[in-house]
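*Asks:* Before I ask anything, let me first share the structure, which is written out below as structure tokens.
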Amino acid sequence: MADGPITDAEFEQAGLRLAVDGAVATITLARPERRNALTFSTWRTLARIGDTLPDGVRVVVVRGEGPAFSAGIDLRLFTAEGVPGEDALAPRDEEFIRGLQAGYLWLRRPDIVSVAAVQGHAIGGGFQLALACDLRIVADDVKFAMKEPALGIVPDLTGTKPLVDIVGVPRALELCLTTRTVFADEAARLGLAELVVPVADLGKAVDDLVAAILAVRPSTAAATKRLLRAAPGNTLEEQSAAERREQVALLSEPAGERSA
Ligand code: ACO
């Protein structure tokens with residue numbers, strides 16, 4: 001993996017933009033003419049954004065430019081011509097896939113809260129990117145679909161775990177094997193969206209959520225996320241112990257630091 005700051009040329013090849021404004025980093029999928037199709041460069045650059053995120057960033061917003069959040073993997077990767085500047089798709093080993101998964105995994109880090117702002121299509125790798133985020137604010141035109149099985153592959157960009165955690169195994173299996181589209185009402189009902197708003201209000205809804213998150217003290221937010229993320233894998237006893245540990249640590253911080 002390359003070291004040092006991400007160059008403009010790398011952002012361009014990845015189809016990404018990054019804007020950091022104090023405690024908020026905004027990652028924009030910026031290839032609207034291809035409906036923000038994703039390539040290996042996109043996933044690797046996402047990983048590097050995670051590795052090089054400035055200290056003090058507490059919220060990461062992931063958004064897509066244009067009518068769609070993301071149409072998933074760039075389908076040209078499945079053709080003999082491929083995509084200029086990108087590796088060939090196959091054959092590949094697990095280490096190769098691990099490098100791509102790194103682009104999504106860091107969005108679960110406890111020191112940040114990640115928010116996907118999703119409008120229009122979020123397909124395959126695009127759906128998994130939304131699932132990789134802690135929270136999903138969606139526009140009422142959202143269309144989620146896990147298309148991988150239709151291409152003869154499995155969803156392998158870390159999406160199967162959050163999908164099952166959110167909707168359960170039977171619904172996840174049904175969504176993946178039918179590859180059908182989930183529209184806004186169902187997304188809200190299934191818990192795939194924390195909030196559904198008109199398309200025109202998406203930016204404002206995300207801003208409001210970000211402001212609310214930033215009102216909580218950083219160490220409290222991190223402890224809360226750690227605790228809640230661990231809960232599904234813990235017994236009640238383990239989780240109660242984790243609550244005690246986190247609380248004792250927070251209460252040992254100077255009182256003046258206990259507000260945001
Ligand atoms: N890969 C490469 N190019 C794409 C992709 C993609 N995944 N999706 C859209 N594009 C391109 C189209 O080829 C088209 O290019 P052109 O203008 O040169 O013809 C342009 O983006 C616009 O696409 P349209 O289909 O015209 O846009 P529309 O808004 O009508 O439809 C939609 C959007 C529904 C997303 C459609 O493009 C589509 O079905 N794309 C493929 C989705 C897909 O199957 N992705 C793979 C998922 S599996 C995975 O991610 C591992």
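None of the figures in this text is laboratory data; all of them are computed from the coordinates on show. Just so it is clear, the structure is predicted and the values come from calculations on it, not from any experiment. For neighbour counting, all protein chains shown are included, and Cβ atoms are generated from backbone atoms with ideal geometry for every residue, glycine included.
*Asks:* Taking the Cα atoms only, what angle lies between the long axis of helix 40-51 and the longest principal axis of the chain, rounded to 10 degrees?
*Replies:* Long axis of 40-51 versus the principal axis of the chain: about 20 degrees.
*Asks:* Need one number: convex hull volume per residue for the chain, Cα atoms only, in Å³.
*Replies:* 140
*Asks:* Counting Lys and Arg as +1 and Asp and Glu as -1, each charge on the Cβ, what is the dipole of segment 218-257 about the Cα centre in debye, to the nearest 20? All intermediate terms of the calculation are to be shown ahead of the outcome.
*Replies:* On the way: 5 positive and 6 negative charges, 30 e Å.
About 140 debye.
*Asks:* List the residues, sorted by chain then number, that are 5 or more residues from ILE73 or on another chain and whose placed amide H is less than 5 Å from its amide H.
*Replies:* When sequence neighbours closer than 5 places are left aside, the close amide H contacts are LEU38, GLY125, GLY126.
*Asks:* Once R0 is set to 25 Å, what does the formula 1/(1 + (r/R0)^6) return for the Cβ-Cβ distance between PHE78 and ALA9, expressed as a FRET efficiency to the nearest 0.05? Don't skip to the answer; put the middle values down first.
*Replies:* On the way: r = 25 Å, r/R0 = 1.00.
After rounding, the FRET efficiency stands at 0.50.
*Asks:* Follow-up question, since we're still on this one. Rounded to the nearest 500, what is the chain's calculated 222 nm mean residue ellipticity when only DSSP H runs of at least 4 contribute -39500 (n - 2.57) each, over all residues? Don't skip to the answer; put the middle values down first.
*Replies:* Working: 10 runs with 106 residues, N = 260.
That calculation yields -12000 deg cm²/dmol at 222 nm.
*Asks:* Let me ask something else about it. With point charges of +1 on the Cβ of Lys and Arg and -1 on the Cβ of Asp and Glu, referenced to the Cα centre of the chain, which listed residue (LEU75, VAL115, PRO170) lies farthest in the positive direction of the dipole?
*Replies:* PRO170
*Asks:* Quick one: helix 94-105 against the long Cα principal axis of the chain, what's the angle to the nearest 10°, folded into 0 to 90?
*Replies:* 50
*Asks:* Rounding to the nearest 10 and keeping the result within 0 to 90°, find how far the Cα-based axis of helix 218-230 lies from the longest principal axis of the chain.
*Replies:* Taking the Cα atoms of the chain, the angle to 218-230 is about 70 degrees.
*Asks:* Roughly how big is the chain's charge dipole about its Cα centre, with Cβ charges of +1 (Lys, Arg) and -1 (Asp, Glu), in debye to the nearest 20? Display every interim value, and only then the final one.
*Replies:* Working: 28 positive and 36 negative charges, 79 e Å.
So the dipole magnitude of the chain works out to roughly 380 debye.
*Asks:* Please find the FRET efficiency linking ALA249 to ASP201, where r is the Cβ-Cβ separation and R0 is fixed at 30 Å, and quote it to the nearest 0.05.
*Replies:* Calculated transfer efficiency: 0.20.
*Asks:* Given R₀ = 22 Å, what would the calculated FRET efficiency be for ASP165 paired with THR220, taking r from the Cβ atoms and rounding to 0.05? Provide the component values of the computation, followed by the final result.
*Replies:* Values: r = 23 Å, r/R0 = 1.05.
The computed FRET efficiency comes out at 0.45.
*Asks:* From the residues ALA193, ILE153, LEU38, which one has its Cα farthest along the dipole of the chain in the positive direction, the dipole being from +1 and -1 charges on Cβ of Lys/Arg and Asp/Glu about the Cα centre?
*Replies:* ALA193
*Asks:* Enumerate the amide H contacts of VAL62 below 5 Å, restricted to partners 5 or more residues apart or on another chain; note that Pro and chain-start residues carry no placed amide H.
*Replies:* Result for VAL62 returns ILE27, VAL115, ALA116, ALA117.
*Asks:* If I build a Gaussian network model for the chain, linking alpha-carbon pairs within less than 10 angstrom, which residue out of ARG92, ARG226, ARG171 has the largest mean-square fluctuation?
*Replies:* Largest GNM mean-square fluctuation: ARG92.
*Asks:* Still on this structure: Using modelled amide H (1.01 Å from N, peptide plane; none on Pro or chain starts), what sits under 5 Å from the amide H of ARG217, excluding residues fewer than 5 places away?
*Replies:* It is ALA260, by chain and number.
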